[in-house]
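Take a look at the structure below.
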Amino acid sequence: MKSAAVILLAYAAAALLSFVVAGVLPASPVNAVLAGVFAGLAGWPLLTMLGFSRVRPGFRAAMTQVHDMAGIFAGWLIYVITLSGTLSVFRPEISLWARPELRGQPVDPVAATRAAIGWLSQHAPHASAWYITPARARAPFSWAAWDENGAFLQRALDPVTGAPDAIRDTLGGDFFYRFHFELQLPYPWGRLTAGIAALALVFVLLTGIVAHRRIFLDFFTFRPGKGQRSWLDAHNLAGVAALPFHLAIAFTGAVTLASLLMPWAALAHYPNAATFESALAPSLSAPAATGTAGTLAPVASVLAEAARRLKTEGMNQVYVYNPSDSAATIVILGDNNDRLAFGTHVLRFDGKTGKLLSDTQEKRPAVTAFAVLYGLHVAHFAPLATRWLYFASGILLLVVTGSGLRLWLRRRLRRGNTVRLVALDRMNAGMVAGTPVAFSTFFLANHLLPVTLPDRAEREIQVVFAVWFLLLLLALLMPARKSWQIFTGLCCFSALAVALCSAPWGNSVQWGVSLVALCLAGCCVQALRTMRAAHDGG
């Protein structure tokens, strides 16, 4: 109860700090609000650490207790969010792998977007808006989303015909991307939970730095075959190896969901969050429909003008608001292939005439800082080598989290095997070893389910959660040691199956997925050998 009070009081203080900074800072309202948001997000974990140091004796001892107190449920949440986020680094490549009918041929983003708009004009003319991600080298298909009869639909569209018919219905890499920040929960609960988990990770990392007095010296120490000592060595080594990345990715993850986590700063200048968001990105706002029918201007000239102005940036998103209304508006966001900042160049066109209304490049300091932090998190700027570094650092964070969960449980089990701890130990095997198995079934379902299956994308997701539920249920019914062995073996076989599904290995994406799957299978084999050796040794 005391710990919960400290966390809640720290949040209240951070919210007040956020509001005060936004209110007194001599800057434009938008810049002041964002500065207040940054102060609140950074202040919450720091104020929580300060609060715990006041109610527990000794700063380092207090941080050690708090680091340990972070607990099993926060660890599981961080683990699954990290795993899905690590896979999301290669979101376009997974989306391409999931659609083998697309051979990765070079595409023209302008022509593909024109074809997509043409198809949407015929099949979704009365939608309130079309949201299109243009085709590009990494994902040679257009991704379109729109509303229809109250439902939100999204499909991959052929870059030549603009139709979805020849492409299987799947979310591809977007499943892991959206799970990473929504957890398959309704808005806003999934995003709010993911945002809290991001700040919890910041808190755990900061307290871990303080708690481990030899943390940097221990980076050079790994003693295999020493039981719990080896687990702690692995925990320290993986944590220090990519510590700056882990702190940055956790804080920038919280920043991407800042409007949900710390909405109080906006109240210093704006009556509600919607008004602030309109002021934050006025060039992206949707005009109100007039109710008068209208026709879109030929989009070829609009897209050509956009390509000329965006030059090497390319198009990141195309929004068509009110496509069948006289207030039709086309908004095109530049990509950030050549810079960290995300979405800072926006073109706005009159949809009825095709006339350019505005060419906006963001210059406001706090907004640019927000765009840079967002860009760092989503890594659209990253070349191939940098994406692999992101991926490897994500794997290290999984090692940190998984080893931390095991250490947390082992320490408590040594004090006595209560029913609650035994159940948590079993569930931990299901979460840590079972989640990769469940996620790998997405890849298998994608290639094994009939291509013409109705609602196929939903069925793929249902397979993942059905397997995940069964694994967790099985984990509860078996001793943890046996669960670890069985689930690690299943992970090995499922990874090998994913590698086989990648046949005929005719392009770099198929090779990449296969190699990652084979590396996972190899790690599982080594883990099984270690488990067997530990069991044989008593």
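Annotations
- FRET efficiency for the pair Arg309 and Cys523, taken as 1/(1 + (r/R0)^6) with r the Cβ-Cβ distance and R0 = 45 Å, rounds to 0.40.
- Note, ³J(HN,Hα) from phi for region 362-367, Karplus 6.51, -1.76, 1.60, rounded to Hz, x at Gly and Pro: 4, 10, 5, x, 5, 5
- Pairs of Lys in the chain closer than 27 Å at Cα, counting only those 8 or more apart or on different chains: 5
- Listed peptides 415-425, 327-337, 363-373 by packing density, highest first (mean Cβ within 10 Å): 327-337, 363-373, 415-425
- Along the axis of the charge dipole computed for the chain (Cβ charges of +1 for Lys and Arg, -1 for Asp and Glu, origin at the Cα centre), the listed residues Val20, Ser278, Ala266 are led at the positive end by Val20.
- Descending by average beta-carbon neighbour count within 10 Å, the peptides 426-439, 273-286 line up as 426-439, 273-286, the highest first.
- Among the protein heavy atoms of the chain, carbon and sulfur supply 67% of the accessible surface, probe 1.4 Å, non-protein parts ignored.
- Of the two radii for the chain, the radius of gyration is 0.99 times the Kirkwood radius, both from the alpha carbons; that is the Rg over Rh value.
- Across all Cα pairs in region 240-349, the calculated P(r) in 10 Å bins from zero up to the longest distance comes to 12, 29, 31, 21, 6, 1, 0 percent per bin.
- Cα-based equivalent ellipsoid of region 258-311: semi-axis lengths in Å, sorted from largest, via gyration tensor: 33, 18, 8
- Gyration tensor (alpha-carbon) shape descriptor, region 138-186, a/c threshold 1.5: oblate
- From its DSSP helices (H runs of at least four residues, each -39,500 (n - 2.57)), the chain gives a residue-normalised ellipticity at 222 nm of -20500 deg cm²/dmol.
- Near the amide H of Gln317, within less than 5 Å, lie the amide hydrogens of Leu333, all on another chain or at least 5 residues away, with H placed in the peptide plane.
- For the chain, a simple Cβ point-charge model (Lys and Arg +1, Asp and Glu -1, everything else neutral) yields a dipole of about 2300 debye relative to the Cα centre.
- In this structure, His123 and Ala286 have a Cβ-Cβ separation that, at R0 = 30 Å, corresponds to a calculated FRET efficiency of about 0.90.
- Estimated translational D of region 381-443 in µm²/s (Stokes, Kirkwood radius over Cα pairs; 25 °C; 0.890 mPa s): 178 µm²/s
- Rolling a 1.4 Å probe across all protein chains gives Ile209 an accessible area of roughly 60 Å².
- Within region 431-503, the proportion of C-alpha pairs whose separation exceeds 17 Å stands at 45%.
- Charge dipole (the chain, unit charges on Cβ, about Cα centre) - positive-most of Gly402, Phe439, Pro159: Gly402
- Tilt relative to the chain, helix 243-256 - C-alpha long axis, 0 to 90 degrees, to 10: 50 degrees
- In this Cβ point-charge picture (+1 for Lys and Arg, -1 for Asp and Glu), region 338-450 has a dipole of about 700 debye about its Cα centre.
- Normalised contact order of region 424-538, rounded percent, pairs of Cα under 8 Å and 6 or more residues apart: 31 percent
- Spin-label model, Asn337 to Leu389: label points 7 Å out along the Cα-to-beta-carbon direction sit 2.1 nm apart.
- Rounded, prolate or oblate (a/c below 1.5 giving rounded, otherwise prolate when a/b exceeds b/c) for region 357-509 by Cα gyration tensor: oblate
- Given their separation in residues at 0.36 nm each and the Cα-Cα distance between them, Ala137 and Thr353 gain 74.7 nm when the chain is fully extended.
- Taking the three principal axes of the alpha carbon atoms in region 10-104, the coordinate ranges are 60, 42, 17 Å, sorted in descending order.
- When peptides 35-48, 481-494, 345-358, 449-462 are sorted by average Cβ neighbour count within 10 Å, with the highest value leading, the order is 35-48, 481-494, 345-358, 449-462.
- Taking a ≥ b ≥ c as the square roots of the Cα gyration tensor eigenvalues, region 284-422 comes out prolate, since a/c reaches at least 1.5 and a/b is larger than b/c.
- To the nearest ten degrees, helix 109-123 and the longest principal axis of the Cα atoms of the chain are 80 degrees apart.
- Cα centroid separation, region 24-60 to region 438-498 (Å): 41 Å
- Probe 1.4 Å, protein heavy atoms only - accessible area per residue of the chain in square angstrom: 46 Å²
The values are calculated or read from the model by the stated rules, or taken from the named source; none is laboratory data. Owing to the predicted nature of the structure, the values given are computational and were not obtained by experimental measurement. Please note: Cβ atoms are built from the backbone with ideal geometry, for glycine as well, and neighbour counts cover all protein chains shown. Surface areas here come from the heavy atoms of the whole protein model, side chains and all, with no ligands, DNA or RNA. Shrake-Rupley method; radii C 1.70, N 1.55, O 1.52, S 1.80 Å.
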